[in-house]
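Written out below as structure tokens is the structure these notes cover.
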Amino acid sequence: MEMIKIQYLEPDTPRLAYIDGKSDWIDLRAAEDVELKAGEFRLIHLGVAMRLPQGYEAHIVPRSSTFKNFGILQANHMGVIDESYCGPGDWWRFPALAVRDTVIRKNDRICQFRIMKHQPALTFEEGELSGEDRGGFGSTGIR
């Protein structure tokens, strides 16, 4: 098991934990109250900073209910934090773009993360592909 050093913004910030038996992703919460008007952008403070183990990175994505509940999109679609982002001022934030007027309260769960090993070194070999053709982008239909 890897050990991750974590710094919380405030003593009452809820501690990170798995949702037992449901997922290996861990929820992150807004560390502040935020009011956004439609079209506004804001980096929402998540209340944590971490020192990830060498060779690992964190992937941050919205929760499945984030858009429905708050009307925000993650502006960079998926955040990637590598192990070099580990100083005392390297706080994790969620880049939110509001599509409607919204209010997010401190401690609302707005995104989730997981820790992944870095991709292994790859080489690419040019050549004709010989696998079965599935029909191109969007070819699996709608039903």
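Contact annotation: residue pairs with Cβ atoms under 9 Å, 6 or more positions apart or on different chains, pairing a residue in region 44-64 that is in contact (Cβ under 8 Å) with a residue 60 or more places away in the chain and of a type in the set (Val, Ile, Thr) with a partner that is open to solvent by 30 Å² or more (accessible area, probe 1.4 Å) and part of a strand (DSSP E or B), are Ile44/Arg93.
Residues that are assigned to a loop (DSSP other than H, G, I, E, B), at pLDDT below 95, over 29 Å from Pro11 (Cα atoms) and open to solvent by 100 Å² or more (accessible area, probe 1.4 Å) do occur in region 73-81. Cβ-Cβ distances below 9 Å connect the following pairs, each with a first residue in region 83-103 that is farther than 17 Å from Arg114 by Cα and in contact (Cβ under 8 Å) with a residue 60 or more places away in the chain, a second residue that is part of a loop (DSSP other than H, G, I, E, B) and open to solvent by less than 20 Å² (accessible area, probe 1.4 Å), and a separation of six or more residues or different chains: Ala98/Gly71; Val99/Gly71; Arg100/Gly71; Asp101/Gly71; Thr102/Gly71.
Which of the residues belonging to region 1-50 are open to solvent by less than 60 Å² (accessible area, probe 1.4 Å), aliphatic (A, V, I, L, M) and assigned to a strand (DSSP E or B)? Residues satisfying the conditions are Ile6, Ile26, Leu28, Val34, Leu36, Ile44, Val48, Ala49, Met50. In region 106-143, which residue that is under 27 Å from Ile4 (Cα atoms) and open to solvent by 100 Å² or more (accessible area, probe 1.4 Å) is nearest to the chain's Cα centre (by Cα)? Out of the qualifying residues, it is Lys117. Selection of region 87-107 for residues being over 10 Å from Leu46 (Cα atoms) and at pLDDT 95 or above yields Asp90, Pro95, Ala96, Leu97, Ala98, Val99, Arg100, Asp101, Thr102, Val103, Ile104, Arg105.
Only a single criterion out of (1) surrounded by fewer than 14 Cβ atoms within 10 Å (Cβ to Cβ); (2) assigned to a loop (DSSP other than H, G, I, E, B) is not satisfied by Val103, namely (2).
The values are calculated or read from the model by the stated rules, or taken from the named source; none is laboratory data. None of these values were measured; they are calculated from a predicted model. With ideal geometry, Cβ positions are generated from the backbone for all residues, glycine too; neighbour counts draw on all protein chains shown. SASA here: full protein model, heavy atoms, side chains in, ligands and nucleic acids out. Shrake-Rupley method; radii C 1.70, N 1.55, O 1.52, S 1.80 Å.
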